[in-house]
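The values are calculated or read from the model by the stated rules, or taken from the named source; none is laboratory data. Given the structure is predicted, the values throughout are model-derived calculations rather than measurements. Positions of Cβ are generated from backbone atoms using ideal geometry, with glycine treated the same way; all protein chains shown enter the neighbour counts.
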Amino acid sequence: MLKALGKMAVDAVDFSGYESVPIYAQQDPICGTEPRFVLPQPVTLRLREKVFSISGDDFSISCAATGMEYFKCQGKVFSLREKKILRDNAGVPILNFKEQLISFTDKFNIYAGDKSDRKICKFQTKYTFIKAKMSTDFQDVVTGRMRHVVLKGDWRDKRGIIYLGEPKQGGVPIAKIYRQMTGKGMLFGVDDYFLEIAPGVDIALMVTMCIALDEHVRDSKRD
């Protein structure tokens, strides 16, 4: 079903800034979760956070053009120190994660399903007042190759780029994040941002990186 959704054309979305950065299709799949989440075409997703929710579905992830749902992220809002579960559009758990604070580093262990002890990967974060970085290494479940993926950007404005490889060492952009502020969103406590993902890239993993970094930044501001 996800592949059928991904084939729908994405309507133009009015963004500025990072939207001009090209992202590149990957002939060799980039897959950390399941092959079904590697689509053969680009997709733009809307991540909608229910800002004033205290439990239940904190994030709804849908097609930016059609509004059809791809994922839900369930767990206590505003805290990665509580477990979160990413589910597909049929409610099947894909992975779970929570933040682990160890000395001066912040790390997130990502596990398959909702209760599995099979580790998919680990996210590591660095955050300043404006800039944020999250990186991970994982073994590709399709090709068996080791992958290094990095998210960098201005997380205050929900703008960034996800790279395959380190950006300073020639990493290739494979996804990009934008934010569109509206009066309606501010009035009703909804903070939307958009994630455009290149063909051949694991959309579930890209979504999880965005959610994890988003809430990590929120947790850091409260500490």
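At-a-glance table
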| read-out | value |
| --- | --- |
| Among the residues listed as ASP223, ASP137, ASP202, the single one being at negative phi, loosely packed, with under 14 Cβ neighbours inside 10 Å and modelled with pLDDT of 95 or more | ASP137 |
| Residue count, the stretch 69-87 (criterion: in contact with a helix residue (DSSP H, G or I) (Cβ under 7 Å, 6 or more places away or on another chain) and modelled with pLDDT of 90 or more) | 3 |
| Residue that is over 24 Å from ASP192 (Cβ atoms), assigned to a strand (DSSP E or B) and modelled with pLDDT of 90 or more, where the choices are LYS122, LYS126, LYS107 | LYS122 |
| Complete set of residues in the stretch 179-199 that are outside any loop (DSSP other than H, G, I, E, B) and at pLDDT below 85 | ARG179, GLY183, LYS184, GLY185, MET186, LEU187, VAL190, ASP191, ASP192 |
